[in-house]
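What follows draws every value from the coordinates through simple rules; no lab data is involved. All of these numbers come straight from a predicted model, not from anything done at the bench. So basically every Cβ, Gly included, is an ideal-geometry build from the backbone, and we count neighbours across all protein chains shown.
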Amino acid sequence: MSDFELIVSLASPGELEGTDLAPCDAVCLGSPYCRRLEGNYAEALDSLGGVVSLLHASGKKAYVTTPAAPREADLPHVERLIDAAAAAGADALEVHSLGVLRMLREKGRPLPAHMGAYANVYTHLAAAVMRDAGAVRVRPNAEVALDEMGLIAREASVEIELLVHGKIPLGVTDKCFLLSEPEETDPNCPAACREEHWLKTPQWALKTVGKGVMSGRDMCMLEHLPRLARDGFRVFRVEGLYETAAYRSEIGAAYREALELAFSGGEYAIRDRWAKAARRHAKRNLCNGYYFGTSGRRYVGELLQRDDPGIK
């Protein structure tokens with residue numbers, strides 16, 4: 001068993017196809033952004049049993065996500081999703097809403113609850129409320145610095161999940177950015193979100209995935225993994241939603257090797273192949289988000305010193 005857990009997120013059979021899951025310990029299934037995403041594991045409930053069995057046979061844990069911002073009309077589906085995930089033998093349910101956490105509790109907690117990126121975990125007080133309601137893991141919001149995350153873990157006595165690579169989730173809306181008509185009638189839905197879309201100004205760019213907004217730059221913590229190990233963090237996420245199979249496979253392989261070295265206690269140095277993989281897949285450069293108390297676009301480290309000047 002590893003001293004750490006590396007998770008990759010993927011939304012559908014289309015994203016699973018071609019993705020090498022060997023570097024990962026767990027997979028989070030489904031997209032929290034839009035129920036209409038083609039093949040969304042969080043929507044196509046009949047497919048959950050097969051994919052969970054496949055992951056378990058490969059020695060992987062299987063987590064299932066729920067909608068990031070469920071409305072009243074979504075709650076009957078969320079109830080069915082909880083039942084389907086439990087029946088499929090999933091290892092946990094990713095929850096972004098206290099209401100969904102309550103639903104899980106009222107069902108007798110058939111699955112452990114992991115609070116996701118949109119659960120509004122900013123303080124240890126919020127994390128403690130979620131822990132008392134049944135959550136065993138929380139993912140603090142993107143704006144929370146590493147020092148604050150450590151305090152949340154200690155004061156709330158709860159496990160922390162940390163994004164180490166990929167687009168930073170920044171927000172979710174009720175209406176799709178990519179459509180001009182209601183999603184039920186727009187002929188571009190759901191095909192529009194299979195394409196890549198950016199919100200750009202001369203100074204910055206954000207990636208839009210329909211109802212979700214992510215950072216334009218990729219979070220990269222390769223240079224800081226020894227610190228994360230020393231600070232007691234053990235659960236790490238590579239954000240693979242809406243990325244290519246090569247992205248998930250190559251970034252996952254880099255972090256598996258890097259984390260094993262960081263947790264070995266030996267001398268740690270960035271391998272050239274890790275840096276090349278990170279830079280190759282970062283179309284708009286790398287950053288450390290808000291982890292070091294700075295604005296989300298900055299990068300602390302040396303990986304960018306050799307970066308392609310054409311990448312912004």
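Observations on the model:
- Each residue in segment 67-102 was checked for being within 29 Å of Ser2 (Cα to Cα), touching a residue at least 40 places away in the same chain (Cβ under 8 Å) and either in a loop (DSSP other than H, G, I, E, B) or in contact with a Lys or Arg (Cβ under 7 Å, 6 or more places away or on another chain) (or both), and 4 pass.
- Considering segment 177-213, the residues that are touching an Asp or Glu at 6+ places or on another chain (Cβ under 8 Å) and either in a strand (DSSP E or B) or hydroxyl-bearing (Ser, Thr, Tyr) (or both) include one that is surrounded by the most Cβ atoms within 10 Å (Cβ to Cβ), namely Lys207.
- Segment 235-262, residues that are out of contact with any Ser or Thr (no Cβ under 6 Å at 6 or more places or on another chain) and surrounded by fewer than 17 Cβ atoms within 10 Å (Cβ to Cβ): Thr244, Ala246, Glu257, Glu260
- In segment 54-74, residue nearest to Arg105 (Cα to Cα) [restricted to those that are of a type in the set (A, V, I, L, M, F, W, C) and surrounded by fewer than 15 Cβ atoms within 10 Å (Cβ to Cβ)]: Ala73
- Count - residues of segment 114-155 that are hydroxyl-bearing (Ser, Thr, Tyr) and either touching a residue at least 40 places away in the same chain (Cβ under 8 Å) or closer than 16 Å to Gly296 by Cβ (or both): 2
- Residue among Leu222, Leu162 that alone is touching a helix residue (DSSP H, G or I) at 6+ places or on another chain (Cβ under 6 Å), touching a residue at least 24 places away in the same chain (Cβ under 8 Å) and either on the phi < 0 side of the Ramachandran plot or not aliphatic (A, V, I, L, M) (or both): Leu222
- Scanning segment 29-44 turns up one or more residues that are surrounded by 21 or more Cβ atoms within 10 Å (Cβ to Cβ), under 18 Å from the mean Cα position of the chain (by Cα) and at positive phi.
- Screening Val52, Val64, Val78, Val100 for residues that are within 21 Å of Val136 (Cβ to Cβ) and under 14 Å from the mean Cα position of the chain (by Cα) leaves exactly one candidate, Val64.
- Conditions (1) touching a residue at least 60 places away in the same chain (Cβ under 8 Å); (2) part of a strand (DSSP E or B); number of the one not met by Val64: (1)
- Matching residues in segment 112-154 - criterion: being assigned to a loop (DSSP other than H, G, I, E, B), surrounded by fewer than 22 Cβ atoms within 10 Å (Cβ to Cβ) and not aromatic (Phe, Trp, Tyr): Pro112, Asn120, Thr123, Ala133, Gly134, Asn141, Ala142, Glu143, Val144, Ala145
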